[in-house]
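Chemist: So that we are looking at the same thing, I have put the structure below in structure tokens.
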Amino acid sequence: MPKIIIPATVLILWFLVAVLGPWLPLQPNYIILPNILEPPSFVEWLGYDDLGRPILDRLIMGARTSFFVAFGVISVSLIVGTLVGTLSGWFGGYIDLIIVRFMDIFLAFPGILLAIALSGILGPGIENVIFALSVVGWVGFARLARAQTLSLKNRDHVLAAIALGANTYRILRYHIIPLLLAPLLIEATFGIAGVVIAEAGLSFLGLGVQPPMASWGSMIKHGTSYMLMAPHMVLAPGLVLLLVVLSVNILGDKLRDRLDIHSM
Amino acid sequence: MYNDEARRWERDIFFVSQWSQTLCFTDLTRLLIQLSKMLSFLFSRLFSTLIVILGVVTLVFLLIHMVPGDPVQAMLGESATFADQEALRVSLGLDQPLFIQWQSYMLGLLQGDLGNSLYSKSPIIEMIWERFPATLELALAGLLVALVLALPLGSIAALRKDSVYDNGSMVFALLGVSIPNFWLGPMLIYLFSLTFGWLPVSGNEGFSSLILPAITLGTALAAILARMIRATLLEVLNEDYIRTARAKGLRESAIIIHHALRNASLPIITILGLQLGTLLGGAVITEIVFAWPGIGQLTIESIERRDYPVVQACILLISLSYVLVNTLTDLVYAWLDPRVRYSA
């Protein structure tokens with residue numbers, strides 16, 4: 001049981017801090033010159049960065065960024081992917097063939113390379129990061145939804161619905177999509193971990209959110225220039241990032257065991 | 001002495017006669033059918049690869065049209081004169097209809113002409129060939145690190161299931177997929193370069209400068225592979241032929257190397273091929289962390305300079321190598337497992 005409680009606590013904290021951020025007494029952009037590169041102390045738990053800004057406050061702002069990007073990307077990808085994949089699997093024939101080829105093309109771009117190119121060309125900003133990562137993210141959901149639809153399509157309850165004269169919308173809405181949800185939910189969980197790393201990665205490359213907004217990735221990038229004098233500038237955002245991703249992955253594993261889906 | 005010689009002859013003659021028997025007429029037709037099935041598998045696989053390549057090229061071609069506003073203005077900046085802007089527009093062909101642009105992009109590509117860099121004015125293809133070996137070196141080194149870590153970790157975890165080793169390996173696997181390479185890299189630099197001073201901080205000068213980037217790049221793949229190897233081996237170890245091998249009294253090492261790992265290699269090769277994309281994508285970030293002079297660094301530099309034709313070329317090159325490796329993986333898979341090629 002403690003194996004679930006700790007990661008769950010981390011994620012609940014991440015959610016609370018992200019949503020309540022604007023109401024917390026934070027000063028992420030408040031510069032205190034004498035405190036430049038000050039290491040962690042009892043007054044300021046995580047120390048100050050190279051401009052004399054409190055790192056803890058900036059980490060919380062970074063939590064907002066990563067949470068909203070993850071939420072946005074997973075929502076868009078899940079909706080688009082499920083829709084495209086289900087329709088492709090259900091209709092079959094030429095529609096399916098074209099959609100599958102289309103998905104193959106998107107799958108041909110390795111890792112976050114397409115997202116790097118897209119956000120590089122569209123320019124930085126949180127909307128562009130969400131767009132770029134959604135363009136990369138929807139394919140995984142679509143492929144999964146299509147495969148599941150293909151196997152569900154010939155089940156008895158679907159055949160019965162067809163025989164009773166239910167229309168396509170009704171069959172997909174009430175007989176197919178509810179059964180897709182479990183595997184899609186697991187994919188979404190692991191997707192969150194991927195998106196959090198990808199957003200931080202884009203920000204690390206300078207393609208994500210722009211200063212003075214904070215992102216864990218850009219904080220790490222920023223800290224690498226001061227690693228000898230102030231290693232806490234790299235340690236703090238990295239450990240928080242690792243903690244969130246680790247928690248998501250642990251819960252994803254548990255969820256997969258619970259829902260007993262091994263085909264993934 | 002004589003007996004041995006005779007026995008060897010006897011054996012050889014037996015093999016020859018066996019071989020000639022298989023070559024009778026019906027078997028010949030069966031061979032031809034199998035050959036044609038194999039060829040049709042090959043062609044269908046190559047055909048779909050061709051379509052994917054066409055799609056990738058088109059998508060990369062369209063990237064430049066996604067630049068918000070006027071791409072020419074974005075590339076030259078606000079201060080450029082109207083004449084300069086028009087000159088660039090004409091030289092990039094952006095004044096032509098979209099289809100004509102696509103056509104000339106394709107034709108140029110087929111002739112190995114990717115245009116010139118807006119920044120250095122030199123041909124893009126030369127810039128890329130200059131950088132590509134470094135990326136390839138890094139990717140191969142990362143792959144090697146992944147295999148060296150994952151093979152023993154995954155195997156021991158499977159062989160000693162639920163032991164301390166198993167738990168340790170799986171904790172490593174969980175950490176490996178969760179740790180971002182742009183954080184692992186700086187941490188390794190801090191520890192091994194800045195604190196102990198054992199390895200260079202960055203750059204590409206000899207073997208010692210390859211170690212940290214390779215570990216940074218290979219760790220995530222090692223984690224995924226270790227899990228995969230464990231799962232596959234656990235499945236294989238339950239098969240009848242492993243029990244037979246044990247019953248025959250084979251040594252445990254022989255059972256694992258010749259019977260278990262050999263049969264587990266198929267799914268592992270597939271995962272390796274699929275994950276190579278993650279490796280290539282990760283190479284971009286790793287190159288930035290270690291100032292490694294490869295394609296990834298060129299991509300990010302060109303994005304910063306708004307040198308979009310170079311960005312397009314880099315993305316294209318990495319994606320195409322990924323597509324080719326994937327196709328190759330499929331073919332190797334079919335070559336190793338006859339069930340795949342004959343069922344096509």
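Chemist: Regarding region A:143-264, what are the three Cα extents along the principal axes, ordered largest first, in Å?
Modeler: Result for region A:143-264: principal-axis Cα extents of 72, 29, 16 Å.
Chemist: So with the 1.4 Å probe, I'd like the accessible area per residue for chain B, rounded to whole Å².
Modeler: Details: 18740 Å² over 344 residues.
For chain B, the per-residue accessible area is 54 Å².
Chemist: Considering chain B as a Gaussian network with a 10 Å cut-off on Cα pairs, which listed residue, B:Gly115, B:Gly249, B:Gly93, attains the greatest mean-square fluctuation?
Modeler: In the Gaussian network model the winner is B:Gly249.
Chemist: Same structure, new question: Once you have the Kirkwood Rh of region A:206-245 from its Cα pairs, apply Stokes-Einstein at 4 °C and 1.567 mPa s and quote D in µm²/s.
Modeler: It comes out at roughly 125 µm²/s.
Chemist: Determine the dipole magnitude for chain B: charges of +1 sit on the beta-carbon of Lys and Arg, -1 on that of Asp and Glu, nothing else is charged, the reference point is the Cα centre, and the result goes in debye to the nearest 20.
Modeler: Dipole of chain B, to the nearest 20 debye: 1380 debye.
Chemist: Same structure, new question: Tell me, what is the FRET efficiency for B:Ser208 and A:Leu239 to the nearest 0.05, using R0 = 25 angstrom and their Cβ-Cβ distance as r?
Modeler: 0.35
Chemist: Still on this structure, I have one more. Residue by residue, what Karplus-based ³J(HN,Hα) values in Hz, rounded to whole numbers, does region B:259-275 have, using 6.51, -1.76 and 1.60 with θ = phi - 60° and x for Gly and Pro?
Modeler: 9, 7, 4, 4, 6, 7, 5, 4, x, 5, 5, 4, 4, 4, x, 5, 7
Chemist: If you place +1 on the Cβ of every Lys and Arg, -1 on the Cβ of every Asp and Glu, and leave all else neutral, what size is the dipole of chain A about its Cα centre, to the nearest 20 Debye?
Modeler: 720 debye
Chemist: Determine, at each q value in 0.08 (inverse angstroms), the log₁₀ of I(q)/I(0) that the Debye formula gives when each Cα of chain B is one equal point scatterer.
Modeler: -0.59
Chemist: Once the convex hull of the alpha carbons of region B:171-229 is built, what does its volume come to per residue, in cubic angstrom?
Modeler: 82 Å³
Chemist: To the nearest 0.05, what FRET efficiency results for B:Ser36 and B:Glu235 with a Förster distance of 41 Å applied to their C-beta separation?
Modeler: Once the sixth-power term is evaluated, E becomes 0.80.
Chemist: Next up: Using amide H atoms built 1.01 Å from N in the peptide plane, name the residues 5+ places from B:Asn116, or on other chains, whose amide H lies under 5 Å from its own.
Modeler: B:Ile124
Chemist: Using only the alpha carbons, work out the radius of gyration and Dmax of the protein assembly as shown in angstrom.
Modeler: 27.5, 97
Chemist: Between A:Leu16 and B:Ala291, what is the label-point separation in nm under the 7 Å Cα-to-beta-carbon projection?
Modeler: Reported label-point gap for B:Ala291 and A:Leu16 is 4.4 nm.
Chemist: Shifting gears a bit: Just the number, please: Stokes-Einstein D of region B:61-192 in µm²/s, Kirkwood Rh from C-alpha pairs, 20 °C, 1.002 mPa s. Could you put the intermediate results ahead of the total?
Modeler: Values: Rh = 19.9 Å.
The Stokes-Einstein estimate is 108 µm²/s.
Chemist: Just for the Cα atoms in region B:28-90, what are the lengths along the principal axes, largest first, rounded to whole Å?
Modeler: Dimensions of region B:28-90 along the principal axes of its Cα atoms: 74, 20, 9 Å.
Chemist: When the dipole is taken about the Cα centre of region B:72-219, and only Lys, Arg (+1) and Asp, Glu (-1) are charged at their Cβ, what size is it in debye, to the nearest 20?
Modeler: About 500 debye.
Chemist: OK, next. Output the residues of region B:160-198 meeting this criterion: accessible area (heavy atoms, 1.4 Å probe) in the chain alone minus accessible area with all protein chains in place is 30 Å² or greater.
Modeler: B:Leu174, B:Leu175, B:Ser178, B:Pro180, B:Phe182, B:Trp183, B:Pro186, B:Met187, B:Tyr190, B:Leu194
Chemist: Separate question: Taking only Cα atoms of region B:200-266, what ratio of Rg to Rh do you get with Rh as the Kirkwood inverse-distance radius?
Modeler: 1.26
Chemist: How big a patch of accessible area, both sides summed and in Å² to the nearest 100, lies buried between B and A at a 1.4 Å probe?
Modeler: Numbers: alone 20580 and 14420 Å², together 31280 Å².
Chain pair B/A: roughly 3700 Å² of buried accessible area.
Chemist: Measure of size requested: the Rg and Dmax of region B:204-344, with Cα atoms as the atom set and Å as the unit; please supply both.
Modeler: 20.1, 67
Chemist: Ignoring ligands, DNA and RNA, please state the percent of accessible area on chain B from carbon and sulfur, probe 1.4 Å.
Modeler: Whole-percent figure for carbon plus sulfur exposure: 66.
Chemist: Quick one: which bits of region B:63-86 get at least 30 Å² less accessible when the partner protein chains are in, versus the chain alone, with a 1.4 Å probe?
Modeler: B:Leu63, B:Met66, B:Pro68
The values are calculated or read from the model by the stated rules, or taken from the named source; none is laboratory data. It should be emphasised that the depicted structure is a prediction, and the values quoted were computed from it without experimental measurement. No Cβ is skipped: glycine too gets one built from the backbone with ideal geometry, and neighbour counts run over all protein chains shown. SASA here: full protein model, heavy atoms, side chains in, ligands and nucleic acids out. Shrake-Rupley method; radii C 1.70, N 1.55, O 1.52, S 1.80 Å.
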